[in-house]
Amino acid sequence: MAATTESVKADAAEAPLLNKRNLILGFLLYLVFYSFIRWYEGVYGWSAGLDSFAPEFETYWMNMLYIELVLEVVTASALWGWLWKTRDRKVMSITPREELRRHFTHWIWLVMYGWAIYWGASYFTEQDGTWHQTIVRDTDFTPSHIIEFYLSYPIYIITGVASFLYAKTRLPTYQQGLHLMYMVAVIGPFMILPNVGLNEWGHTFWFMEELFVAPLHYGFVFFGWAALAIMGVVNTEVIALTKLLKKDLA
Amino acid sequence: MSASQSAVRSRAEAVQVSRTLDWMILFTLFTAVLGGYHIHYMLTGGDWDFWSDWKDRRLWVTVAPIVSITFPAAVQACLWWRYRLPIGATVAVLGLLLGEWINRYLNFWGWTYFPVNFVFPSQLLPGAIVLDVVLMLGGSMTLTAVVGGMAYGLLFYPGNWPVIAPLHVPVEYNGMMMTLADLQGYHYVRTGTPEYIRMVEKGTLRTFGKDVAPVSAFFSAFVSIIIYFLWHFFGRWFAKTDFISDDAS
């Protein structure tokens with residue numbers, strides 16, 4: 001009886017398997033932040049974003065670019081550095097329950113990665129299409145690019161690498177080596193950012209018009225396929241979780 | 001706790017954990033596939049999908065199914081062969097359509113002020129449902145590629161007919177004969193998309209008149225079969241669970 005009481009107390013004090021607060025706050029963080037960004041675009045895209053030689057363009061758009069680049073480097077360094085610095089050096093000796101808890105935390109990271117990919121690859125990329133097909137561009141740093149390429153892409157890259165680092169440093173499942181599809185799922189979409197170099201170089205030849213299906217854009221397409229590698233990560237997770245859940249009940 | 005012990009303490013908790021993870025997995029899979037599929041589709045067939053005056057009887061009908069059967073085939077390859085879930089194509093297409101509709105409302109209309117009946121996305125669901133049903137009933141990749149892939153291409157134009165037909169009625173404007181969709185493009189000026197880059201009704205096939213759309217759909221169906229095969233294997237590759245050595249030496 002006494003032992004049972006102790007067990008119940010231990011359960012009550014134990015952290016929950018899924019930290020719902022982190023899941024909801026993380027989801028809302030991206031949603032609220034990007035809603036603000038969309039509001040900013042709506043207000044300052046038309047009023048200050050049409051002529052890159054205008055002083056107000058420098059004020060509202062180039063300063064936005066400089067600020068976001070600094071914040072991204074700081075955030076990436078701090079987050080990735082913290083994940084690596086606080087890694088579990090005895091990851092193979094954790095209890096099954098702790099492992100399950102970490103899988104849930106890992107899935108919070110993956111949910112955020114999917115959410116960030118949606119905003120970057122879907123929302124802001126197609127938005128860029130309507131901006132360019134409507135407005136003649138006179139700079140590589142158009143309002144839509146400052147948000148799409150230099151904000152939403154770095155954010156999903158930061159999230160994806162953080163997710164990968166979490167798995168690699170805290171989960172026994174990923175200690176066998178480097179998970180090929182996890183790397184494809186993170187590095188492939190990451191490569192979309194360097195591919196911006198090709199895109200901008202190409203557009204210096206064809207500044208005046210926008211054909212979205214132009215071969216110049218196929219680099220984005222190729223690296224976008226890598227998002228499918230999330231299926232390999234899901235399959236690995238399902239195998240690991242099935243093993244954790246199907247063992248003898250304690 | 002021994003290594004053979006479960007991470008959960010009761011069957012009820014196991015069920016709850018499993019269901020919670022199902023939702024988290026579904027959300028991640030849905031949004032990641034949505035993102036990858038959307039960037040692929042908008043940059044390989046997007047211009048025909050963005051604007052009603054690009055939605056012609058020839059290139060739209062040809063291009064859209066060919067470039068859009070890709071991700072459905074790949075997702076089917078994972079969900080059916082791993083989990084026996086015959087919903088891969090429908091899930092992929094629903095993701096794409098959700099991303100597109102959000103964008104057309106909030107950005108094409110909300111930011112650059114085009115009316116939604118000028119920028120609505122193509123309808124891909126009928127083909128996707130047939131693709132899933134053929135896979136479910138046949139259980140065969142070859143059958144799905146040949147029968148489902150062909151149906152996917154052939155169904156595209158009929159699937160879009162109810163929404164595009166009113167915009168394809170002829171109108172005379174300033175002495176010129178054009179469609180209502182052409183007239184929309186004429187009025188809603190896209191400075192970055194001048195008329196000379198609009199690829200519609202190219203070539204002499206248009207002189208066939210009524211035959212253009214079915215011939216284009218049939219060609220599209222043929223290529224869709226081949227693309228299905230290719231992307232099925234892409235899907236299988238992307239679903240792998242392999243590790244590679246992280247030993248740098």
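Assorted remarks:
- Amide H contacts of A:Leu178: B:Ile244, B:Ser245, B:Asp246, each under 5 Å away and 5 or more positions distant or on a separate chain (H built 1.01 Å from N in the peptide plane; Pro and chain starts excluded).
- Stokes-Einstein diffusion for the protein assembly as shown, with the hydrodynamic radius set to the Kirkwood value over Cα pairs and evaluated at 25 °C in a medium of 0.890 mPa s, equals 101 µm²/s.
- Computed about the Cα centre, the dipole magnitude for region A:50-160 is approximately 1080 debye when only Lys and Arg (+1) and Asp and Glu (-1) carry charge, each at its Cβ.
- When the protein assembly as shown is described by a simple charge dipole with +1 on each Lys and Arg Cβ and -1 on each Asp and Glu Cβ, the residue from A:Ala162, A:Val238, B:Val116 located farthest towards its positive end is A:Val238.
- Estimated translational D of region B:62-130 in µm²/s (Stokes, Kirkwood radius over Cα pairs; 20 °C; 1.002 mPa s): 164
- What the Cβ-Cβ distance of A:Tyr218 and A:Trp82 gives, at R0 = 41 Å and to the nearest 0.05, is a FRET efficiency of 0.65.
- Computed accessible area, B:Thr44, all protein chains, 1.4 angstrom probe, square angstrom: 30
- Qualifying trypsin sites (Lys or Arg not before Pro) for region B:57-112 [loop in DSSP, other Cβ within 10 Å: at most 12]: B:Arg84
- Among the residues of A:96-108, the average count of other protein chain beta-carbon atoms within 10 Å of the residue beta-carbon is 3.
- A simple spin-label model places the labels of A:Glu58 and A:Lys246 6.6 nm from each other, with each point 7 Å out along Cα-to-Cβ.
- Accessible surface buried by the B/A pair amounts to about 7200 Å², both sides summed, 1.4 Å probe.
- Per residue value of the accessible surface for region A:106-153 (all protein chains in place, 1.4 Å probe), Å²: 12
- Inverse mean reciprocal Cα-Cα distance (Kirkwood Rh) of region B:170-233, Å: 14.8
- Axis angle, to the nearest 10 degrees, between helix A:153-170 and the longest C-alpha principal axis of chain A: 20 degrees.
- Cβ-Cβ distance of A:Gln175 and B:Trp161, R₀ of 45 Å, FRET efficiency by 1/(1 + (r/R0)^6): the value works out to about 0.25.
- Mean ellipticity per residue at 222 nm, deg cm²/dmol - from DSSP H runs of n ≥ 4 across chain A, formula -39500 (n - 2.57): -22500 deg cm²/dmol
- Label-to-label distance for B:Asp211 and B:Val189 is 4.1 nm, based on points extended 7 Å past Cα in the beta-carbon direction.
- 22 Å tail of the calculated P(r), region B:25-237, as % of Cα pairs: 50
- Dipole of region A:27-176 computed with +1 at Lys/Arg Cβ and -1 at Asp/Glu Cβ about the Cα centre; of A:Gln176, A:Ile146, A:Trp115, farthest Cα towards the positive end is A:Gln176.
- Where labels lie 7 Å past Cα in the beta-carbon direction, separation of B:Thr20 and B:Met176 in nm: 6.2
- Alpha-carbon Rg with Dmax, taken over region B:103-203, Å: 18.0, 56
- Dipole moment magnitude, nearest 20 debye, the protein assembly as shown about Cα centre, only Lys, Arg, Asp, Glu C-beta charged: 2020
- Think of each Lys and Arg Cβ as +1 and each Asp and Glu Cβ as -1; about the Cα centre, that makes the dipole of region B:1-115 roughly 420 debye.
- Each of B:Gly127, B:Phe71, B:Trp161 was placed along the dipole of region B:25-237 (beta-carbon charges, centred on the mean Cα), and the one lying farthest toward the positive end is B:Phe71.
- Protein-protein interface of region B:85-130, residues with accessible area decrease of at least 40 Å², isolated chain reference, 1.4 Å probe: B:Asn103, B:Asn107, B:Trp111, B:Thr112
- Full-extension gain in nm, B:Val116 to B:Arg84, via 0.36 nm per residue minus C-alpha separation: 7.7 nm
- Rolling a 1.4 Å probe over the heavy atoms of the protein chains gives chain B an accessible area of 43 Å² per residue.
- Threshold 50 Å², region A:180-223 residues less accessible with all protein chains present than alone (1.4 Å probe): A:Leu180, A:Met181, A:Glu209, A:Leu211, A:Phe212, A:Val213, A:Val221
- Scanning chain B for DSSP H helices at least 24 Å long along the axis (C-alpha atoms) with a Kyte-Doolittle mean no lower than -1.0 picks out B:11-44, B:212-238.
- Accessible surface of the protein assembly as shown, 1.4 Å probe, proportion on carbon and sulfur as whole %: 70
The values are calculated or read from the model by the stated rules, or taken from the named source; none is laboratory data. Bear in mind that the values here come from a model prediction, so they are computed numbers and not experimental data. All Cβ positions, even for glycine, are placed from backbone atoms using ideal geometry, and neighbour counts span all protein chains on display. Accessible surface is based on the protein model in full, side chains and every heavy atom, while ligands, DNA and RNA are left aside. Shrake-Rupley method; radii C 1.70, N 1.55, O 1.52, S 1.80 Å.
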